[in-house]
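Take a look at the structure below.
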Amino acid sequence: MAIKDELERTFLAKYIPEGIKDCEFVILEDNYIPKEVKHPILRIRRKGKDSAITKKYKKKESDASVMVEETIPLTPEEYKCISQLDGKKFSKKRCSYEYKKGKFCEIDIYQGKLKGLVVVDFEFESVKEKDGFKSPDFCLAEVTNEKFLAGGMLCGKSYTDLQDKLKKFNYKKIN
């Protein structure tokens, strides 16, 4: 099992940047459990051919830019069994995008009922790097601490469910 602190900031996309069609991407399928919880933090994920179960939660005394992530890789047989649990699901296309020389971000293009939502995640090696970060032009607004956009809150929702909350950021649906 891998346990790590994750330093991350999340932004709504203003637009999808040039060159993204040339980027590597993978389809992520997430199943958040238990289904009955408003904001589940336990996730079963298939990422391409790999799968894992992850528990992701805020580190004590911090905002959502510092999270603890506990991950257990799953064998194909384990995933087949555990993925049958009834949870809240969604899928997204994740692109690894080089936004400046040697610096990458993950652009999540949501699929299905969340189509039109695009968010950008930047991960950092240090708190100083995270705190001093200036977002690129293709980012609209920081939403790191917007609970309604956390994975466990997005699961089971549609783009229409989010529209009113996205209006405060002047977010325009991206197709």
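The values are calculated or read from the model by the stated rules, or taken from the named source; none is laboratory data. Values in this document were obtained by computation on a predicted structure and should not be read as measured data. Because the Cβ atoms are built from the backbone with ideal geometry, glycine has one as well, and the counts that use them run over all protein chains shown.
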Worksheet item: Can you tell which of Tyr15, Tyr97 is touching a residue at least 60 places away in the same chain (Cβ under 8 Å), part of a loop (DSSP other than H, G, I, E, B) and more than 21 Å from Asn145 (Cβ to Cβ)?
Response: Tyr15
Worksheet item: Does any residue of segment 114-132 turn out to be assigned to a helix (DSSP H, G or I), touching a Lys or Arg at 6+ places or on another chain (Cβ under 9 Å) and at pLDDT 95 or above?
Response: yes
Worksheet entry | Filter result for Leu114 (without any contact (Cβ under 8 Å) to a residue 60 or more places away in the chain, exposed (fewer than 15 other Cβ atoms within 10 Å of the Cβ) and either aliphatic (A, V, I, L, M) or touching a helix residue (DSSP H, G or I) at 6+ places or on another chain (Cβ under 9 Å) (or both)) | no
Item to complete: Please give the number of the condition Asp63 fails out of (1) touching a residue at least 60 places away in the same chain (Cβ under 8 Å); (2) touching a strand residue (DSSP E or B) at 6+ places or on another chain (Cβ under 6 Å).
Response: (2)
Item to complete: Give the residues of segment 70-94 that are aromatic (Phe, Trp, Tyr) and in a strand (DSSP E or B), sorted by residue number.
Response: Phe90
